[in-house]
Each structure stands twice: as C-alpha cells, then as structure tokens.
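Take a look at the structure set out below.
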Amino acid sequence: MKRSFSSVFVLGLLGGMAALPACENSGGETGGSTSTTSTGTAGGGNGGGGSTSSQGGGGDSTTSATTGGGGNGGSTMTTVPTAKCPGDPTETLTGEIGSDLTLTSDKCWLLKGIVFVNAGATITIEPGATVMGETSSTGTLVIEPGAKIVADGTADLPIVFTSEKAKGSRAPGDWGGLIVLGNAPINVPGGKAAVEGITGDGTMYGGDKADDDSGILRYVRIEFSGVQLSPNNEINGLTLAGVGNKTVVDYVMVHDTLDDCFEFFGGTVNAKHLVCAFNQDDGFDWDFGYSGKLQFLALAQDPIFEDDTNGFEADNDATASLNMPISNPTIYNATLCGKNQPIDGPKQQFGMLLRRSTKGQIYNVVATGFEACIDIRDAATDPKVSSSICYGNTIHNIAYPEDAAGMGAFKDDDAGLDEVAWFNNAALKNAATDPGIKDCFAAEPDFTPVSTLTTNAATPPNDGFFDNGAAYIGAFKSGENWASGAWVSFDRK
C-alpha cells in the first residue's frame, strides 16, 4: 500500500476560501502578466498572414492564437487563462492517478501527500500551469516506471511547481518535490532499487531499457521544495531515478530547495539548460551508474547556508564498489558558483567532489567561489576533467594539499593522488585564470562572461544531443544569457 493512499481523488474547486495573495515568479505574480501570441497564415483572396507577439503586465495571464483565414483575412482566437496561485480556484490531487489526466492552466493544483502516477498513465501539464505542494502532508509527485509526465512549457509560460504559501512566506522545504522513476539500467545488484525519500509499491526503479521514455520536462521551475526525512534519505528538487534517454529534460530550474537541486540515480537520461540556485545541499548529484549526457549547467549556491554543499557530487555508489555500469556521465559547459566565502567548522564545499569509484568525462567547466575547486576521493575514482577553469576559490583554488598525517580536508583520501598536479597536466588544457564572469554571486546572478571563453575550450561532439557549436568554457557565451525570462526566478521568498 502506498503511504496510506489507495486511489486517486481530484477534489473539486475549493469554494468558500478567502482569496490568498498570489505567488510570484521573476516577472511578478504567477499568472500576473499577459502573454499574447498571434500567428497569421496566408489565406485566399486578399487575406494575409504574418505574426505578432506582445507581452504586457498586470491582470490575469492569457495566451491567444490568431490564424488568418481566406478572403479578407478572417481570423479565430482562442484565449486560455492562467491562474494566480495561491488564490484562484484550486483542485487537489491525492493518492494514485491510474489513467491519463491533464492539469490545465486556468486553475491551481495542490498535491496533498505523495501522489503517484501509475504505470501506463500520462499526466499532462499545460504551459503556464502552477502545481503547489501542501506543506503539512509533504506534497510530492511521483512518476512511476512506465508512467509519463508531459510538462512542456514555454519560455514565457513555464510550468511551476511551488509552495502553497503566499509570497513572502515561502521557504526551502515547504513541500516534497518531483520524482521521476524509470526502467533504465542502474548498478544496484538485481537491477532494482527503492527511491530515496519514500517507501512502498511504485517506488522501485531500474531495468534494462536504456531508451526508456518518461515524458517531457521543458521550461519547468521547481521551487521551495525538498525534505530531509533522515540522514541520506531526502527528497530533492528533481529526482531522476533510472530514467531513460528518450525522456526530454531541457530548461529546468530548481531554486531554494532543502536538498539537492538535481539528483541522477543511475539511468541514461540526458539533460540541457539546468539552473540550480540557493540549494541547501549539492547542485548536481549522480550515483548508481548514471551514464547520461549533460550540457549547459548553471549553479549559484546559497551564501548564507553553512553545510558541505558541492557543485558536482559524484559516486558510483555509497560503498565505492565497482558495480556495473560505472557512473560515467559526459558533461560539457557548466558554470558552478559557490558561496564565495569559507564555511566555519569541519565542513567543506567543492566545485567538484568526485569520489567512490565514479568516472566522468567533464569538459568546459568554470568553478569559482568554493573552498576548493576539486576533491577526488578513493583509489578507484577515475574521472577526466579537461578544458576547465578553477578560479577565485576561497581557501585553495584548485585543491587542498593532502597527506597521510593530515586532518579533515588535508588528509589523504585518494591513494596519494596530487590533485593540483593532476589538474595542471598540460594535456588536459585546464587553467586557473580569471574567467571574467560578470557576477554569479549576486542576488540575481549573471553567469555570463565579459568575453566568450574560447581559449583551450573543447568542442562538444556532433552526436544529435550536444550543441557542438558550444566550443567555449562555461555554460554561457558573452551577451547570451539563456538563464533569463519568465521561466527563471531568483525570488527567495
């Protein structure tokens, strides 16, 4: 039985509620702006086409499409309202979703408890929709293996998973998070594992289907999420466990989460344009044999939260086994920005903590503002870090010097590897020069460099996934900030 829920309930509109203040994104209230797109197509007679696009402020959000007709160019218009959440009529989801369901953008949706989308069912979420998680019941959405989520937003109408609380009262840990489970390979003996953070039927993941398809996450923002149930048992902002490479993950932001922004438990899923901001654990975490591809990653850590948070945290598994497949993602173009200040006490933060027998092919990374750029641990750990820059890290720019008699971060934990010499190997084309990033430590970070960092950059492969035009270091070119617009928010409350 799944966490005391045995069936799905979509509760009706919550009438009789006092209107609550609307939650906001980077452009103001969710649904608080008007986005109108009109597209004309050439018709017969004197009719014409052409297209216009406009965006205004204030009021309810609507999206409209106008298509030119024949004759003198007649047209039709469809208007889809976008709800203000919390505040507008709300439907509650609880239990299990066993058949296809669409969450529309004209109302708010509330996750009450852990909501499971069962195998064979697809949950579709319209552009501009808002899904809230209930705090008291740790509202969480779980996509089971064999189920799908189709959350395909747009830059102007993102899909937002957020707190049920009003703006000004929101905080990390207000609700659970989004968990997607699949049938792709993991390295746990037996090929199956139970996902972190929840228990019961429907929580197992893993299999032998590398090209498994769990749906689409595009132009999605997840905020004020994450729950630590016990040590090493947390719900992240976005958990991708055993997810296959037919799944689309692109333009996804997680901010103000109590745990990791993104965690990959095995699987083969590929992802691009990921933004992590103000997390209270790691930015990008992988283990259990993750072997996907990642490109264009941006991280801005929370400068006021003191913990051992890292940009990348990488394991093969928790015991440093050599279970197959070995974790071995391929990563191009990342900008990782730490707290830009030392942490008091015994905890450290690293741009890249690579340990427990992981591999990894890592290129074109900037890591700045951590206590140190890199820490490699355990004798069997064997990553490649190339065409990357360590700069402005606060205690030791590249790595802590280690020896057998050292204490804490200074104690040898990698069979005598000298990380500084390893990073500075000329063949790897790494550097410790100023990347000229404008200000990734600001309240609203600007990750772009003053000049595009092409010197010694690696060229991504032309394999159908990577943008092989991104032959530069870091996630951004000068003057081109893809981490901007309505789908991005750095609002802390």
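Consider the range 461-493 and keep the residues that are within 21 Å of the chain's Cα centre (by Cα) and over 24 Å from D439 (Cα atoms). The one that is surrounded by the most Cβ atoms within 10 Å (Cβ to Cβ) is F466.
Scanning the range 147-160 for residues that are surrounded by 22 or more Cβ atoms within 10 Å (Cβ to Cβ) and over 19 Å from A241 (Cα atoms) yields G153, L157, P158, I159, V160. Of the residues making up the range 246-288, those that are part of a loop (DSSP other than H, G, I, E, B) and among the hydrophobic types (A, V, I, L, M, F, W, C) are L258, C261, V269, F278, F288.
To keep it simple, each residue is scored yes or no on (1) more than 16 Å from S489 (Cβ to Cβ); (2) touching a residue at least 24 places away in the same chain (Cβ under 8 Å); (3) of a type in the set (A, V, I, L, M, F, W, C).
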site: V117; (1), (2), (3): yes, yes, yes
site: V142; (1), (2), (3): yes, yes, yes
site: A147; (1), (2), (3): yes, yes, yes
site: D156; (1), (2), (3): no, yes, no
site: G177; (1), (2), (3): yes, yes, no
site: A184; (1), (2), (3): yes, yes, yes
site: G190; (1), (2), (3): yes, no, no
site: G207; (1), (2), (3): yes, yes, no
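Exactly one residue among K429, K347 is under 22 Å from A318 (Cβ atoms) and free of Cβ contacts under 8 Å to residues at least 60 places away in the same chain, and that residue is K347. Within the range 385-403, residues that are in contact (Cβ under 8 Å) with a residue 60 or more places away in the chain and closer than 10 Å to I374 by Cβ have Cβ atoms under 6 Å from residues that are of a type outside the set (F, W, Y) and surrounded by 19 or more Cβ atoms within 10 Å (Cβ to Cβ) in these pairs: S388/V365; S388/N430, counting only partners at least 6 apart in sequence or on another chain. Reported count of residues in the range 218-270, each being among the basic types (K, R) and surrounded by 24 or more Cβ atoms within 10 Å (Cβ to Cβ), is 1. Checked against the criterion of being of a type in the set (F, W, Y), in a strand (DSSP E or B) and either modelled with pLDDT of 95 or more or touching a helix residue (DSSP H, G or I) at 6+ places or on another chain (Cβ under 6 Å) (or both), the candidates F441, F447, F465 yield just one match: F447.
Among the residues making up the range 320-358, those that are in contact with a strand residue (DSSP E or B) (Cβ under 8 Å, 6 or more places away or on another chain) and more than 20 Å from I395 (Cα to Cα) are S327, N328, P329, T330, I331, Y332, N333, A334, R355, R356, T358.
Restricting attention to the range 290-303 and to residues that are in contact with a strand residue (DSSP E or B) (Cβ under 9 Å, 6 or more places away or on another chain) and assigned to a loop (DSSP other than H, G, I, E, B), the residue that is surrounded by the most Cβ atoms within 10 Å (Cβ to Cβ) turns out to be Y290. Taking V243 as meeting all but one of (1) within 28 Å of S163 (Cα to Cα); (2) in contact (Cβ under 8 Å) with a residue 60 or more places away in the chain; (3) not in a loop (DSSP other than H, G, I, E, B), write down the number of the exception. (3) is the only condition that V243 fails. With respect to the conditions (1) touching a Phe, Trp or Tyr at 6+ places or on another chain (Cβ under 8 Å); (2) buried (at least 24 other Cβ atoms within 10 Å of the Cβ), G197 lacks only one, and its number is (1). Kindly indicate whether A184 is surrounded by 24 or more Cβ atoms within 10 Å (Cβ to Cβ), small (G, A, S) and part of a loop (DSSP other than H, G, I, E, B). Taking the combined requirement at face value, the residue satisfies it. Residue check: is S169 in a loop (DSSP other than H, G, I, E, B), within 20 Å of F278 (Cβ to Cβ) and in contact with a Lys or Arg (Cβ under 9 Å, 6 or more places away or on another chain)? Answer is yes for this residue.
The values are calculated or read from the model by the stated rules, or taken from the named source; none is laboratory data. Everything numeric here is computed off the predicted structure, so don't read it as measured data. Neighbour counts run over all protein chains shown; Cβ positions are idealised from the backbone, glycine included.
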